[in-house]
Amino acid sequence: MPRFAQLTLSINSSCSQSKETVEEPVSELDSEMANKINMKCKNMLIEYEQMQNVDDIVYSLSEDETSVIRTRHEEFVKSMTLITLDSCPNTRTTVAGNIFAELLSKKILSMEAITRGIDAVLKYWNDYLIDYPKFFSYIAAIIAPLLLSQNAFFDFHNLKDCCASIRPDNSTKLFIEVLNKILSSKETQNIKEQLGGILWIYNKWLASEYVPLDIFMPYTQINKYFENDRIGVFLLSIAMYDKLKMTGRKLLYDKLNNWISTNFSVKIIKCPQFVRALTIAIIIQCLNSNNSYEDFFVHGHVKLLIYYIHSEPLLEPEILAREVECLYGIQIMSAALEYPGGMVLRLFHKLYQDSVIRKESFEIWKKDDKFNAGFDEDLETKNMAVLNSFFITLELNDSDEDETYE
């Protein structure tokens with residue numbers, strides 16, 4: 001008997017409710033019932049791949065009184081998930097995720113049935129890794145379509161429930177795999193029509209019910225799993241935002257500085273993209289504090305940026321690179337927020353006046369049209385009207401200063 005069938009027999013099934021039906025509580029599935037459910041799900045998966053519609057699945061889950069899954073929605077989710085692992089997981093996991101997303105949007109499956117069904121599989125992750133080394137990648141391919149669906153209303157708070165049995169120590173790999181699936185999905189690639197890639201992830205995270213990053217991965221694990229790319233910067237920025245959120249203005253600099261040095265390696269802190277992540281974290285905190293753009297970047301924020309850009313014994317090119325990364329952090333949040341009027345220009349002036357970023361770095365950033373591989377693929381052309389306005393203001397100020405000295 002396949003491993004998934006053996007484990008399915010021993011997984012307890014809970015009572016879960018959808019709009020149409022109430023699941024029967026099942027303490028333990030016997031071998032015959034488990035085989036019937038597995039065969040039913042396997043046939044439905046094959047039919048869906050051929051027909052690309054869920055009509056028969058909907059009928060089996062809601063109206064067909066002879067169906068073995070009509071009152072067993074959680075078992076349906078578990079069985080579909082396990083079947084995809086046992087047959088062509090590279091393609092079928094995404095198919096299963098699409099089916100779940102459509103059934104959730106049609107209110108045939110409840111959110112609870114989906115999250116509990118997936119979590120019941122993840123509970124035995126250590127056993128599945130023996131047969132499926134890419135187990136977390138396969139499960140992530142099932143979850144990603146749920147997050148990407150516009151009608152399923154599945155967010156990161158629901159993802160938390162999907163992996164309740166393995167959080168937080170063993171959910172890090174799954175969480176990173178989910179982010180990478182979203183980043184590479186075709187649904188987030190057309191940035192001309194919608195937010196693409198990492199911008200989509202930031203937007204989804206901000207729109208979701210607040211979930212601290214350490215629900216999915218302990219902050220100390222960032223050192224182990226950090227990659228110097230868009231996902232790495234996202235993890236750093238959300239981790240730092242979590243700490244900023246819990247810190248008052250008076251102690252902001254000292255507490256965050258100590259927390260960073262305790263939790264992050266020197267190698268991570270020395271990456272220029274660390275400044276990008278810090279900038280993003282600060283902007284998110286300011287947004288969630290309902291500050292007007294005039295109140296962005298209080299003294300503690302400015303002090304942090306100056307410290308991590310200028311205080312290290314860095315060479316001039318390294319300092320310039322860190323200043324430019326600060327500007328990219330602003331650009332990312334501006335794009336994720338769909339370019340709110342006035343925000344970017346105010347932040348540019350604030351950072352220039354407080355000597356965080358010099359004019360030379362603005363000019364480098366303005367001319368930098370080459371994408372930094374792994375970082376800037378999601379960003380559209382810079383808002384040249386805003387940039388030109390900023391440089392005109394600088395020139396006017398420089399002219400006024402010259403006249404004063406004369």
### Task
Could you look at segment 306-391 and say what percent of its accessible area is carbon and sulfur, using a 1.4 Å probe and all protein chains?
54 percent
### Summary
Rounded to the angstrom and largest first, Cα extents along the principal axes for segment 183-290 equal 42, 33, 25
### Projected label distance in nm at Asn228 and Arg358, using a 7 Å step from Cα toward the beta-carbon
2.3 nm
### Query
So which of Lys270/Lys382; Lys123/Lys243; Lys186/Lys367; Lys134/Lys267; Lys123/Lys160; Lys123/Lys204 end up more than 18 Å apart, counting from Cα to Cα?
Lys270/Lys382; Lys123/Lys243; Lys186/Lys367; Lys134/Lys267; Lys123/Lys204
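The values are calculated or read from the model by the stated rules, or taken from the named source; none is laboratory data. All of these numbers come straight from a predicted model, not from anything done at the bench. A quick note on method: Cβ atoms are made from the backbone with ideal geometry, for glycine too, and the neighbour counts reach across all protein chains shown. Areas reflect the complete protein model, heavy atoms only, side chains present, ligands, DNA and RNA absent. Shrake-Rupley method; radii C 1.70, N 1.55, O 1.52, S 1.80 Å.
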